[in-house]
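Taking it in order: structure first as C-alpha cells, then the write-up.
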Amino acid sequence: MGPRSTTTPPAGRWLFPPVDEADDDGLVGVGADLEPATILSAYRQGLFPMPLGRRGPIGWWSPDPRAVIPLDGLRVSRSLRRSLRRYEIRVDTAFDAVIDACRDPARPHGWITPAIRAAYRRLHEAGWVHSVEAWSVDGGEPALAGGLYGVAVGGLFAGESMFHLRTDASKAALVGLVGVLTEGVDDLAGRVLDVQWMTPHLASLGAVDLDRSDYVRRVAEAVRLPVAPGFRL
C-alpha cells in the first residue's frame, strides 16, 4: 500500500481559480484532469470533483455553505444505537464493492462515472482514499450491508458517497467513520469531517453548515495535521 501517515500530498500541475469565484451552485471551474495530484490539490484548497451530468466534463466544486460533521457533535439516536449492534465496522476491506454500490446507475443523480471510479481507485491504492464498511452480523456469514468512502488528507476527511442495503447500515458506517477519526487522537481541534452539501439526513446526525471562507480556512489548518491512526493501515 502507499502512504498512510503524514506524507505530503504531491503538487498538482493545474492552477484552480479562487474558490470565491464560484457560481451560485458552487462551481469554481471546469476541466483539468483526474490525476491523483490534481485531486489531492483540489481537496487541500476546499474543492472536490464532480462531473456535470453523467457524460459531462469534470466540474470542480466549492459549495457555500459547506456541510461538516463536528467530530464531537455526532448525534446517535436511541434507535440507531440499537441498530449498531447488527453491524461490524471494517476499514478498507471491500473498497471496490463500496464504490460500485455507490455508483449503482439505478440510483438517482448518479455521478460516479467510470473515470471517477478509476481515479478514486488509484487514490485508494496509494493510501489517500478509504472505505468504511458496515457488515451485517446478525445471522449467517457476514455480508456487506452499507458503507461510505472518502479522501483523507491529514486531519481532513472528505466524505464522497455512501450507500445502504439494510436499515441504518450507512448511518452505522458513518458512526464507524467518526470512531476511526477520533480513536487515538488526543486533540480533535482543527480536524474536519466534510460531507459537502447539507441534507435532512445529515442534519439529523449533527451536520452543520459553514461559510465557504470558514471552511477553506479550517481545511488549510486540517491538512497540516497527522492522519488519524485508524487510517495508517
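The values are calculated or read from the model by the stated rules, or taken from the named source; none is laboratory data. Treat the numbers as computed from the prediction; the structure is a model and nothing was measured. Every residue, glycine as well, gets a Cβ built from its backbone with ideal geometry; the counts of neighbours run over all protein chains shown.
Kindly list, by first and then second residue, each pair from a residue in segment 221-233 that is over 16 Å from LEU193 (Cβ atoms) to a residue that is in a loop (DSSP other than H, G, I, E, B) and modelled with pLDDT under 90, limited to pairs with Cβ atoms under 6 Å and residues at least 6 apart or on different chains.
Note: pairs meeting the criteria are ARG232/ARG4; ARG232/SER5; LEU233/ARG4.
Condition first: in contact with a Ser or Thr (Cβ under 7 Å, 6 or more places away or on another chain) and either assigned to a strand (DSSP E or B) or not assigned by TED's automatic domain parsing to the domain that holds ALA189 (or both). Can you find one or more residues in segment 115-135 that meet it?
Yes: segment 115-135 contains one or more residues that are in contact with a Ser or Thr (Cβ under 7 Å, 6 or more places away or on another chain) and either assigned to a strand (DSSP E or B) or not assigned by TED's automatic domain parsing to the domain that holds ALA189 (or both).
Looking at this structure, is ILE89 of a type outside the set (Phe, Trp, Tyr), assigned by TED's automatic domain parsing to the domain that holds LEU181 and in a helix (DSSP H, G or I)?
Answer is no for this residue.
How about segment 92-102: which of its residues are more than 10 Å from LEU148 (Cα to Cα) and either modelled with pLDDT under 95 or not charged (D, E, K, R) (or both)?
Those that are more than 10 Å from LEU148 (Cα to Cα) and either modelled with pLDDT under 95 or not charged (D, E, K, R) (or both): THR93, ALA94, ALA97.
If only one of ALA158, ALA228 is in contact with an Asp or Glu (Cβ under 8 Å, 6 or more places away or on another chain) and at pLDDT 95 or above, which one is it?
From the options ALA158, ALA228, the qualifying one is ALA158.
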